[in-house]
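Student: Just passing along the structure, written as structure tokens.
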Amino acid sequence: MSKLRLINPEKICRGMELGEIPSDRAIIKSALSIAWPSVLESFFVNLAGLVDTIMVGSLGSYAIAAVGLTTQPKFLGLAVFLSMNVAVSSIVARRKGEGNRESANRVVRMVLLVTLLLTALISAVFVIFAGPIVSLVGSQPDTHDYAVEYLRIVMGGSVFSTISLVLNAAQRGAGNTRIAMVTNLISNLVNVVFNYLLIGGNFGFPALGTRGAAIATVLGTVCACALSIASVLHKDGFIYLRSVKGWLADKISIRSLLNVGSSAFVEQICLRIGFLLFSMTVARLGTTELAAHQIGMNMMSMSFAFGDGFSVASITLIGQSLGRRRQDMAKIYGNVCQKTGLLCACVISTVYFLFGKEIFTLFSSEQVILNYGEMIMRILSVILFFQIEQVVLFGCLRGAGDTRFTALISLVSVTCIRPGISWILCYPVGLGLMGAWLGTACDQMVRFLLSFLRFRKGNWTKLKL
């Protein structure tokens with residue numbers, strides 16, 4: 001009589017050849033050991049953003065709206081780096097599974113050089129054209145100048161952020177998620193401390209308002225950059241940049257970088273265009289609505305942290321499993337990460353549904369914003385189930401290198417469905433801010449459904465990198 005298992009490999013891997021399967025305890029332990037530092041890292045990154053909003057909120061709703069206006073332009077500028085990071089994590093994880101340390105380090109060195117060159121170009125563009133960019137996303141007279149100043153400072157110092165991003169992506173691919181966690185934790189602590197000192201002017205520091213928040217953000221990324229560089233200079237680490245010379249990777253890895261990175265870049269562009277159109281739709285509703293929306297997006301980011309943590313675990317574990325030619329373990333790890341993410345969603349949803357309005361009081365005392373907040377948190381308590389699951393599923397597909405499919409989903413759902421349905425519900429139907437959040441719900445449901453069907457089919461386990 002077979003032993004009863006929480007994880008059913010035969011069901012999960014139906015139609016696949018099974019190798020030796022570790023115990024349930026070993027599988028869950030492997031997944032959690034990689035996931036929990038990434039969950040904490042993402043949580044603290046988003047918590048710092050939340051604290052930013054609370055501190056900036058003390059200046060008034062105009063300040064929340066001004067900082068919120070820069071979010072999508074900033075991520076659009078970082079799109080190429082975020083796409084390279086997906087490729088780096090996937091390829092490093094695959095090379096770790098193959099035991100090919102030299103190839104992994106050559107990839108990281110080459111991407112680091114490309115990152116420095118592209119950062120110089122992109123940051124210059126954003127500093128010069130910050131005014132038109134902020135106008136494009138729907139700034140109002142009371143928010144425009146503050147948003148322009150904030151965007152110029154943050155993007156002007158973006159080199160520290162982009163270097164840290166690529167090095168942390170490499171460490172995650174190698175399974176060293178604790179390094180990235182510590183790096184970002186210290187960075188965010190620095191950010192919060194200087195927020196306190198520079199936004200309101202404490203302990204003799206000047207009161208710089210939104211400018212102070214931007215400077216604090218850059219100072220935090222300086223610390224992150226220094227720690228990330230230090231992490232790749234240890235001889236005993238899998239990622240050790242001094243272990244190889246030269247700045248070019250091998251032809252196979254370059255081809256894989258281009259294939260995965262280009263698809264991930266298309267996905268990022270689709271995401272950013274969709275989010276930008278969505279942000280412009282909300283910005284037209286007015287400063288108060290935009291401020292309430294921005295607080296809601298911060299709370300959505302907090303729930304995203306849990307999905308993001310298990311997404312990182314999926315990329316690492318699936319990439320390494322496929323590198324060892326264990327397609328069965330890749331699918332099992334993906335399934336375990338999904339189920340664990342679902343448990344997290346249940347807990348967060350309950351908190352948001354019961355205490356949503358109370359949470360909003362941390363950011364604002366304006367009654368109209370609190371009323372919007374209660375509505376947003378009720379809808380968000382449902383959205384986050386689909387959000388967390390689709391984020392984990394996307395991580396599974398990216399870990400295997402199936403970024404073309406994730407790009408296609410993003411094009412259909414984020415670029416078209418979210419802004420399109422949101423605009424219809426906001427204006428022709430007349431639902432206002434509620435329409436924007438219902439449009440977000442439609443987007444998350446579509447992404448979940450399509451990625452779930454793709455994962456279940458299993459063709460992604462046969463991709464080569």
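The values are calculated or read from the model by the stated rules, or taken from the named source; none is laboratory data. Owing to the predicted nature of the structure, the values given are computational and were not obtained by experimental measurement. Here the Cβ positions follow ideal geometry from the backbone for every residue, glycine too, while neighbour counts run over all protein chains shown.
Student: If you check L258 against the conditions, is it in a helix (DSSP H, G or I), at pLDDT 90 or above and either in contact with a helix residue (DSSP H, G or I) (Cβ under 7 Å, 6 or more places away or on another chain) or within 30 Å of L397 (Cβ to Cβ) (or both)?
Tutor: No; evaluated as a whole, the condition is false for this residue.
Student: In segment 126-138, what residues are of a type in the set (V, I, T) and free of Cβ contacts under 8 Å to residues at least 12 places away in the same chain?
Tutor: Within segment 126-138, I128 is the sole residue that qualifies.
Listed here are the residues, each with its yes/no results for (1) farther than 12 Å from R106 by Cβ; (2) surrounded by 21 or more Cβ atoms within 10 Å (Cβ to Cβ).
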| position | (1), (2) |
| --- | --- |
| G212 | yes, yes |
| T221 | yes, yes |
| L227 | yes, no |
| F238 | yes, no |
| R242 | yes, no |
| W247 | no, no |
| I254 | no, no |
| V260 | yes, yes |
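Student: Could you list, in sequence order, the residues of segment 397-456 that are in a helix (DSSP H, G or I), of a type in the set (D, E, K, R) and either crowded, with 21+ Cβ neighbours inside 10 Å or in contact with a helix residue (DSSP H, G or I) (Cβ under 9 Å, 6 or more places away or on another chain) (or both)?
Tutor: R398, R404, R418, D443, R447, R454
Student: Of the numbered conditions (1) of a type in the set (A, V, I, L, M); (2) under 17 Å from the mean Cα position of the chain (by Cα); (3) within 24 Å of R101 (Cβ to Cβ), A224 satisfies every one except a single condition; which is it?
Tutor: (3)
Student: Return the pairs, sorted by first residue and then second, in which the second residue is at pLDDT 80 or above and acidic (D, E), the first residue lies in segment 1-16 and is assigned to a loop (DSSP other than H, G, I, E, B) and exposed (fewer than 12 other Cβ atoms within 10 Å of the Cβ), the beta carbons are less than 8 Å apart, and the residues are 6+ apart or on different chains.
Tutor: L6/D24
Student: Taking the residues in segment 176-192 that are surrounded by 19 or more Cβ atoms within 10 Å (Cβ to Cβ) and of a type outside the set (A, V, I, L, M, F, W, C) as candidates, determine which candidate is nearest to the chain's Cα centre (by Cα).
Tutor: Going through the qualifying residues, I end up with N184.
Student: Name every residue in segment 75-117 that is part of a helix (DSSP H, G or I) and free of Cβ contacts under 8 Å to residues at least 40 places away in the same chain, in order of residue number.
Tutor: If the condition is that a residue be part of a helix (DSSP H, G or I) and free of Cβ contacts under 8 Å to residues at least 40 places away in the same chain, then V114, L117 are the ones that fit.
Student: Looking only at segment 198-252, how many residues end up being aromatic (F, W, Y) and closer than 25 Å to V67 by Cβ?
Tutor: 2
Student: So, one more: Look through segment 335-363, keep the residues that are out of contact with any Gly (no Cβ under 6 Å at 6 or more places or on another chain) and small (G, A, S), and return whichever of them is modelled with the lowest pLDDT.
Tutor: G356
Student: For T340, state whether it is free of Cβ contacts under 8 Å to residues at least 60 places away in the same chain, within 24 Å of the chain's Cα centre (by Cα) and in a helix (DSSP H, G or I).
Tutor: So T340 fails the test.
Student: Now for a separate question. I'd like to check something: does segment 162-175 contain any residue that is buried (at least 24 other Cβ atoms within 10 Å of the Cβ), β-branched (V, I, T) and either out of contact with any helix residue (DSSP H, G or I) (no Cβ under 7 Å at 6 or more places or on another chain) or more than 30 Å from M110 (Cβ to Cβ) (or both)?
Tutor: Checked segment 162-175: no residue is buried (at least 24 other Cβ atoms within 10 Å of the Cβ), β-branched (V, I, T) and either out of contact with any helix residue (DSSP H, G or I) (no Cβ under 7 Å at 6 or more places or on another chain) or more than 30 Å from M110 (Cβ to Cβ) (or both).
Student: I need every pair where a residue in segment 63-74 that is closer than 14 Å to S301 by Cβ and assigned to a helix (DSSP H, G or I) has its Cβ under 6 Å from the Cβ of a residue that is modelled with pLDDT of 80 or more and aromatic (F, W, Y), sequence separation at least 6 or different chains.
Tutor: V67/Y150; Q72/F275
Student: Moving on to the next point. Which numbered condition in (1) hydrophobic (A, V, I, L, M, F, W, C); (2) closer than 21 Å to F310 by Cα; (3) at pLDDT 90 or above is the only one that A216 fails?
Tutor: (2) is the only condition that A216 fails.
Student: Mind listing whichever residues of segment 138-181 are β-branched (V, I, T) and either within 22 Å of L118 (Cβ to Cβ) or in contact with a Gly (Cβ under 6 Å, 6 or more places away or on another chain) (or both)?
Tutor: Answer for segment 138-181, where residues must be β-branched (V, I, T) and either within 22 Å of L118 (Cβ to Cβ) or in contact with a Gly (Cβ under 6 Å, 6 or more places away or on another chain) (or both): V148, I153, V154, V159, T162, I163, V166.
Student: Surrounded by 21 or more Cβ atoms within 10 Å (Cβ to Cβ), over 22 Å from F275 (Cα atoms), of a type in the set (S, T, N, Q) and more than 13 Å from the chain's Cα centre (by Cα): is that true of N100 in this structure?
Tutor: Here the answer is no, as N100 does not meet what is asked.
Student: Would a scan of segment 170-177 turn up a residue that is in contact (Cβ under 8 Å) with a residue 24 or more places away in the chain, in a helix (DSSP H, G or I) and of a type in the set (V, I, T)?
Tutor: Yes: segment 170-177 contains one or more residues that are in contact (Cβ under 8 Å) with a residue 24 or more places away in the chain, in a helix (DSSP H, G or I) and of a type in the set (V, I, T).
Student: State which residue pairs qualify: first residue more than 13 Å from M55 (Cα to Cα) and inside segment 361-372, second residue assigned to a loop (DSSP other than H, G, I, E, B) and not charged (D, E, K, R) in any location, beta carbons under 8 Å apart, and separation of 6 or more residues or different chains.
Tutor: I369/F363; L370/T361; L370/S364
Student: Pairs please, first residue from segment 277-302 and more than 12 Å from Q140 (Cα to Cα), second anywhere and among the β-branched types (V, I, T) and not in a helix (DSSP H, G or I), Cβ atoms under 8 Å, 6+ apart in sequence or on different chains.
Tutor: Filtered contacts from segment 277-302: S279/V137.
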